[in-house]
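Read through the structure below, which is laid out as structure tokens, and then see the notes.
Each reported figure results from applying straightforward, stated rules to the coordinates on display, with no laboratory input. The structure displayed is predicted, hence computed values, not measured ones. As a convention, Cβ positions derive from the backbone with ideal geometry for all residues, glycine included, and neighbour counts pool all protein chains shown.
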Amino acid sequence: MKKLKCIYSILMKLDQREKIVQSDFDIDKEEWGDIAELILDEGLAKGISVTRGGQGNKVQSVWYDNAKITLDGLRFLEDNDAYSLK
């Protein structure tokens, strides 16, 4: 459930063209990268960059600088607007 709320918040920030930084969320770097990849894999946004490397293929960085919300992302926001009240 925490991931869905985080995804909702990230997509809202994208829609409102706000800066997205990990420190705004109470999650570690691995979860931050996993959520970014989930957003990409589900087609909710495009232009997110996740870099992995090293032993265990750990998240090195996540960039939202060129990210844009997609139509599916807008639908996600509409379908999950209950998260805006929490």
Mind checking which residues of region 38-60 are under 17 Å from residue 13 (Cα atoms) and of a type in the set (D, E, K, R)? 46
If you take the residues of region 5-55 that are within 12 Å of residue 73 (Cα to Cα) and in contact (Cβ under 8 Å) with a residue 60 or more places away in the chain, which of them is nearest to the chain's Cα centre (by Cα)? 7
Of the residues in region 14-30, those that are of a type outside the set (S, T, N, Q) and surrounded by fewer than 17 Cβ atoms within 10 Å (Cβ to Cβ) come to 15, 17, 18, 19, 21, 24, 25, 26, 27, 28, 29, 30
Testing residue 59 on (1) in contact with a Lys or Arg (Cβ under 6 Å, 6 or more places away or on another chain); (2) not basic (Lys, Arg); (3) not in a strand (DSSP E or B), one condition comes back false. Which one is that? (3)
